[in-house]
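Below: one structure, written as structure tokens.
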Amino acid sequence: MDKPKYQRIILKVSGEALAGDAGFGIKPPVIEEIGQEIKEVYDLGVEIAIVVGGGNIWRGTIGAEMGMERAQADYMGMLATVMNALALQDTLENLGVPTRVQTSIEMRQIAEPYIRRRAVRHLEKRRVVIFAGGTGNPYFSTDTTAALRAAEIDADVILMAKNNVDGVYSADPKIVSDAQKFDELTHLDIIAKGLQVMDSTASSLSMDNDIPLVVFNLNERGNIKRVCLGENIGTTVRGK
């Protein structure tokens, strides 16, 4: 069996990734495909933690644009991430992958509250852990959640799975035909160049804790496994 490059990872999956081409809701064939790819990585012996977004159901920024109080809109977005986490948990367990959902907002009837030591113990016992509810605070994105949890559980890397984008570009490649793709950057480059990879809070947190980031295309079958095995795909963002 191939030896993975990383032993413990944070996989950041956007809510939109679960919707497929529909753009809204959860598309069963898509989430099953993602589950299969996660299982392939799990079978390599990699310890997997997942941060899932909620943009396929609700975005806090949209609520704010509608005139809703931003904090209230953000809490609705946190609840959307819990729905996605439960769907992903069900998919993984149907594939024989033991999974636990931990939420930043307590809801004991459906998931565990987030406790760092318990999360680490789950990973050591070969359980996939899905972090839902963001950080539990408004004004923070799930990108920041990924950076925060990666630091807390001492993850080797954050894998940022993007929809139909194979790395980090100098501009949107769908709009700017001659946009330059970067093979390697630092978190400081991301902040200084204003590149739309993760928000500045997440980039600063990753830089301060020396956590590398790999940005790659989720829609190409097998990419999660390839990244874990150390193949040079997408864009690698070094911690420092």
Worksheet item: Which loop-located GluC sites (Glu not before Pro) does the stretch 77-154 contain, where loop means any DSSP state but H, G, I, E or B and the Cβ has at most 15 other Cβ atoms within 10 Å?
Response: Glu106
Worksheet item: Using alpha-carbon pairs under 8 Å, 6+ residues apart, how would you state the relative contact order of the stretch 8-238 in percent?
Response: 21
Response to the item:
Subtracting the Cα-Cα distance of Met66 and Ser170 from 0.36 nm times their residue separation yields 34.3 nm
Worksheet entry | Calculated [θ] (222 nm, deg cm²/dmol) that DSSP helices of n ≥ 4 give over the chain, each run adding -39,500 (n - 2.57) | -11500 deg cm²/dmol
Worksheet entry | Candidates Ile175, Ile57, Ile224: whichever shows maximal mean-square fluctuation once the chain is modelled as a Gaussian network with Cα springs under 10 Å | Ile175
Worksheet entry | Charge dipole (the stretch 93-171, unit charges on Cβ, about Cα centre) - positive-most of Val168, Ala111, Phe131 | Ala111
Item to complete: Step through the table entries Lys162/Lys193; Lys27/Lys125; Lys3/Lys162, compare each Cα-Cα distance with 27 Å, and write down the pairs that go over it.
Response: Lys27/Lys125
Discussion item. Need one number: nm distance between label points at Ala22 and Glu112, each 7 Å from Cα along Cα→Cβ, rounded to one decimal.
Written reply: 3.0
Practice prompt. Work through the residues other than Pro113 whose Cβ is under 13 Å from its Cβ and net out their charges, Lys, Arg +1 and Asp, Glu -1.
Written response: +3
Response to the item:
Per-residue Cβ contact counts at 10 Å, fewest first, order His187, His122 as His122, His187
Worksheet entry | Rg and Dmax [Cα atoms of the stretch 8-238; Å; Rg one decimal, Dmax integer] | 16.6, 51
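Laboratory data are not the source of any read-out in this text; all were calculated from the coordinates shown. Keep in mind that this is a model prediction, so the values were computed, not measured. In this analysis, Cβ positions are derived from the backbone assuming ideal geometry, glycine residues included, and neighbour counts consider all displayed protein chains.
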